[in-house]
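Asks: Sharing a structure below in C-alpha cells format, with a few things to ask.
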Amino acid sequence: MESILIGLIPALGWGFQGIIMQKIGGTTSNKQMGMVLTALVMSVVVAALVPITWTPALIAAAAVNGIPWAIAQILQIKSFDYLGVSRTMPLTSGEQLVFTALIGTFCFGEWTTPMQLGLGFGGIALIILGTVFTAYTEKGDASDAGKGAGDFAKGIVITTISSALYVAYATAARFFSVDSFQILLPQALFMLAATIVISLFVSARESTDGVFGRVEGVFGIKSWQNMLTGVLWSVANIAVLFSNQVNGVAVGWTLANMNLIFATLGGLFILHEKKTPKELRFVIAGMVLIALGGIAIGVTKLG
C-alpha cells in the first residue's frame, strides 16, 4: 500500500503544476525554464547524498529521458494556451496511459496473470473513457469565444506529439536498467541544455522585451518566479522515478496521471476556465471513471 501512496505523489505535484504556472504567467520558455532550474538545483542536492557512478548506459538513459521531455513539456505548456488546463490535462494523460501501459506490459512483462491483464486493461479503458468525458466540448460553447477551430486543432496535435514524447521520459530509466536517483542530475543537465536551445527560438517570438530581456527573457524575472512551479514538478519527478521502480511503469505512470483530476478541478475553480452545465456533468462523470480506472490498475500491483 505504501508503494501506491508513493505513486500518487506525482499526481498532486503535476496536477497543481499547470495551475501555478498559469497564475505566475510569463512566456512558454519562462514557465519551462523555471521548472528546469529548480530541477537542476534539487538534482544536485540528491547527487550530493547519492553519489553518481557515471556510465555510458546512465548518460544514454539521461539523454533519452531529458531531451524528449524538454520538447514534450514546452509543447504541453503551449497547449494550455490553445485548450486550457482543464482540457489539455485529460487529453495528455489519457494518451500517455495508453502508450506507457502497452510498453510496460509488452516490453517489460508487468502484467502477466489473467487477473492483472483483466484489471489493467479494464482500468485503462475506464480512464480513456473518463478522459473523453472530461475533455468534452459542447458545440457552440461560449467559453471558446475568440478561439477558432484552428486553435483547437493545433492544441490536439501538439498535445498528442507531447504525449508520445513523454513515453521516453517515463520508460528510459527502466529500459536502460539505471537507478532512478542516479539519473536525476544527468537528466536535469540534458533537460536544461535542450530547454535553453528551444527557449532561444521561443523567446524570440513571444518575449515582449527580447530573448535576454529583464522580465520575459530566457533568464528573466518570470523564469525565476516560475521556479515555484519547478518545486512541484521536481518533487513529482523524484516520486515518479521511484514509483516506476517499485510499482512498475504501467502502474507507476498510471497512478501519476491521476494528476488530471487535480488539474481539471484547478482549471475550473482556480483559473475559472468556463464550462457549460452539460460539460460540467461530463467532467464529474469523467473524473469518477478515471478514479475507478486508477484503483483497478493499482490493484494489479497487489495481485
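Asks: Which residue, G84, G213, G252, has the most motion in a Gaussian network model of the chain that connects Cα atoms within less than 10 Å?
Replies: Fluctuation is largest for G213.
Asks: Can you give me the % of accessible surface on the range 154-303 that is carbon or sulfur? Probe 1.4 Å, all protein chains present, nothing else counted. Write out the running numbers ahead of the final one.
Replies: On the way: 4600 of 6180 Å².
Carbon-and-sulfur percentage of accessible area, whole number: 74.
Asks: Next question. Could you tell me which label, among (i) 14.9; (ii) 17.0; (iii) 31.8, carries the value of mean projected area of the Cα convex hull in nm² calculated for this structure?
Replies: (i)
Asks: If you don't mind, there's one more thing I want to ask. Roughly how far apart, in whole Å, are the Cα centres of the range 46-60 and the range 3-38?
Replies: For the range 46-60 versus the range 3-38, the Cα centre distance is 24 Å.
Asks: Note down the magnitude of the dipole of the chain about its Cα centre, charges +1 on Lys and Arg C-beta and -1 on Asp and Glu C-beta and zero elsewhere, to the nearest 20 debye. Write out the running numbers ahead of the final one.
Replies: Values: 16 positive and 14 negative charges, 60 e Å.
Dipole of the chain, to the nearest 20 debye: 280 debye.
Asks: Here's something else I'd like to know. State which entries of K31/K301; K78/K301; K78/K278; K222/K274 exceed 30 angstrom in Cα-Cα distance in the structure shown. Don't jump to the answer; show the numbers that get you there.
Replies: On the way: K31/K301 35 Å; K78/K301 35 Å; K78/K278 27 Å; K222/K274 26 Å.
Pairs exceeding the cut-off: K31/K301; K78/K301.
Asks: Find the accessible area per residue for the chain; the probe is 1.4 Å, ligands and nucleic acids are left out, and the unit is Å².
Replies: On the way: 12370 Å² over 303 residues.
Heavy-atom SASA per residue in the chain reads 41 Å².
Asks: Accessible area of the range 7-136 with a 1.4 Å probe: how many percent of it is carbon plus sulfur? Intermediate results must be reported in sequence, preceding the final value.
Replies: On the way: 3590 of 4550 Å².
The nonpolar share, carbon plus sulfur, comes to 79 percent.
Asks: Take K154 and V98, extend 7 Å from each Cα along the Cα→Cβ direction, and tell me the distance between the two endpoints in nm.
Replies: Roughly 2.4 nm, to one decimal.
Asks: Okay, moving on. Can you give the accessible area of F99 in Å² (nearest 10), computed on protein heavy atoms with a 1.4 Å probe?
Replies: Approximately 70 Å² for this residue.
Asks: Over the chain, calculate the relative contact order: mean separation of alpha carbon pairs under 8 Å at least 6 apart, over the residue count, as a percent.
Replies: On the way: 533 pairs, mean separation 133.9, N = 303.
Taking the mean separation of contacting Cα pairs over the length of the chain, I get 44 percent.
Asks: Find me the longest stretch of the chain that has none of the exposed trypsin sites (Lys or Arg not before Pro), where exposed means in a DSSP loop (not H, G, I, E or B) with at most 11 other Cβ atoms within 10 Å.
Replies: 1-138
The values are calculated or read from the model by the stated rules, or taken from the named source; none is laboratory data. Everything numeric here is computed off the predicted structure, so don't read it as measured data. Every residue, glycine as well, gets a Cβ built from its backbone with ideal geometry; the counts of neighbours run over all protein chains shown. To get the accessible areas, we keep the full protein, side chains included, count just its heavy atoms, and leave off ligands, DNA and RNA. Shrake-Rupley method; radii C 1.70, N 1.55, O 1.52, S 1.80 Å.
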